[in-house]
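Comments concern the structure below.
The values are calculated or read from the model by the stated rules, or taken from the named source; none is laboratory data. Computed from a prediction, not measured in an experiment: that's the story for all the values here. So basically every Cβ, Gly included, is an ideal-geometry build from the backbone, and we count neighbours across all protein chains shown.
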Amino acid sequence: MEGSTKATLEFHNIRVFGHPEPEASRNVVLEREIPSDAALIGALVVRVVEACRSEGLFPDDGEAAQSATCLEEALRNAIAHGNGNDFSKKVQVQVFVKGAEWGYTVQDEGQGFNLLQCMGRIVDDAPLREYGRGLRIISHYMDTVEYFEGGAFLVMTKKMESE
């Protein structure tokens, strides 16, 4: 029972919706698309983090590292689980600013997934197992985590620190 309570708290910021909000409500800082090849993730994450730094989105190196880890996990999930490592399918990434928050969107061409079933499996598994690690990490470091289109479109955001 204790594991269930912990998981509820651990995933408090994840929400599921039908369709994403219109992009017009976001100021897109960077947009990239890659084929579903895990070998391309590292270079993309570096490029995205550099763009975020140049926009002043990270208050410190710690947040930059956490953000990079979240993006890497989201990209790995999109490529492996969303697109089934099918090189002909693409993954799209955006960095955006909206009001007092910034974030990433990650979209794959897959059919999505059953988030509740996935989270139930995570609760039942040992905390350090690889399954569900990306969801745990993203939920821990980002302020909001929203899945659209059955899970094929992820929006994760962070509040900007006040100066």
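General observations
- Taking every residue in the range 75-95 that is of a type in the set (D, E, K, R) and pairing it with any residue that is part of a strand (DSSP E or B) and modelled with pLDDT of 95 or more, at least 6 positions away or on another chain, the pairs with Cβ-Cβ distances below 7 Å are LYS90/GLU33; LYS90/ILE34; LYS90/PRO35.
- Residue count for the range 102-115 under the criterion of being over 13 Å from the mean Cα position of the chain (by Cα) and modelled with pLDDT of 95 or more: the result is 1.
- Those residues of the range 59-106 which are in a strand (DSSP E or B), touching a helix residue (DSSP H, G or I) at 6+ places or on another chain (Cβ under 7 Å) and either among the charged types (D, E, K, R) or loosely packed, with under 15 Cβ neighbours inside 10 Å (or both), in sequence order: LYS98
- Residue count, the range 54-77 (criterion: over 17 Å from TYR141 (Cβ atoms) and either of a type in the set (S, T, N, Q) or modelled with pLDDT of 95 or more (or both)): 1
- Residues satisfying the stated conditions in the range 24-58, i.e. without any contact (Cβ under 8 Å) to a residue 40 or more places away in the chain, surrounded by 14 or more Cβ atoms within 10 Å (Cβ to Cβ) and in a loop (DSSP other than H, G, I, E, B): PHE58
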